[in-house]
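The numbers here are math on the coordinates, done by the rules we state, and not lab data. The model shown is predicted, which means the values in this text are computed figures rather than measured ones. Positions of Cβ are generated from backbone atoms using ideal geometry, with glycine treated the same way; all protein chains shown enter the neighbour counts.
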Amino acid sequence: MKSLIISCSLHTESKSRRLASALESLWRTDGDVELATLDLRELALPPCDGGAAYEDPAARELQEAFAKADAVVFAVPIYNYDVNAAAKNVIELAGRQLTGKVAGFLCAAGGDHSYMSIMAVANSLMLDFRTVIVPRFVYAGGDDIPESGELSSELRDRVAQFGAEFQRLARAVHSA
Ligand SMILES: Cc1cc2nc3c(=O)[nH]c(=O)nc-3n(C[C@H](O)[C@H](O)[C@H](O)COP(=O)(O)O)c2cc1C
């Protein structure tokens, strides 16, 4: 059962990327998780145009990474009460490769009030591709993640709880 963590922020000092790193460290220590990672800063994806963009080499790479994965964690910034455009573009370019698979979310936001923001994209994955969404996600507001230094133990616990539930559901769906 292969899990992929995709970091969707394009910001150099991304907070959602730190959530992704915390989960990656946990899963690497666990040793029981077959893991791949992808960082959108390193993939020059074209904007989805519904046509030629699907054949772009970077889009192909993304589609292959999704095709190889059984379950995908999206680490996303919240922009305008939604995921950022880069994450939306990923789903436009490669969402189909998530058909019947499991997806979950680690979110970084500036404030405390945008915690429902993930639902539009979660609904779209469920309805378009019958993706099974993990019914727990991490939402970290601006004060939850310090500008530098370690994540708090409370936040690391939330990431760990998400990680455990993600694996439990992903394994159940994979073996069903
Ligand atoms: C264009 C833009 C829109 C944003 N919209 C929201 C928002 O709707 N709600 C919110 O809580 N934070 C919002 N923020 C703050 C970001 O969610 C915050 O900076 C977060 O850390 C971004 O994730 P990242 O650090 O992984 O890039 C916005 C930031 C930008 C740049």
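Computed values, structure above
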quantity: Over the chain: helical MRE at 222 nm, DSSP H runs n ≥ 4 each giving -39500 (n - 2.57), nearest 500; calculated: -13500 deg cm²/dmol
quantity: Top of G141, G100, G51 by mean-square fluctuation, Gaussian network on the chain, Cα under 10 Å; calculated: G51
quantity: Residue order, fewest to most surrounding Cβ atoms within 10 angstrom, among S117, S148; calculated: S148, S117
quantity: Formal net charge of residues neighbouring T99 (Cβ-Cβ distance under 13 Å; K, R +1; D, E -1); calculated: +1
quantity: Rg/Rh ratio calculated on Cα atoms of the stretch 84-139 (Kirkwood radius); calculated: 0.96
quantity: Sorted by Cβ density within 10 Å, fewest first, the residues D30, D70; calculated: D30, D70
quantity: Sorted by Cβ density within 10 Å, fewest first, the residues T99, T37, T12; calculated: T12, T99, T37
quantity: Calculated on alpha-carbon atoms, Rg and Dmax of the chain in Å; calculated: 15.1, 45
quantity: Estimated FRET transfer efficiency (Y115, R60; beta-carbon r; R0 35 Å; 0.05); calculated: 0.55
quantity: More than 15 angstrom apart: percent of Cα pairs within the stretch 1-65; calculated: 58
quantity: The chain: most fluctuating residue of L106, L23, L127 per GNM, C-alpha cutoff 10 Å; calculated: L127
quantity: Relative contact order (percent, whole number), the stretch 2-175, Cα cutoff 8 Å, 6+ residue spacing; calculated: 23
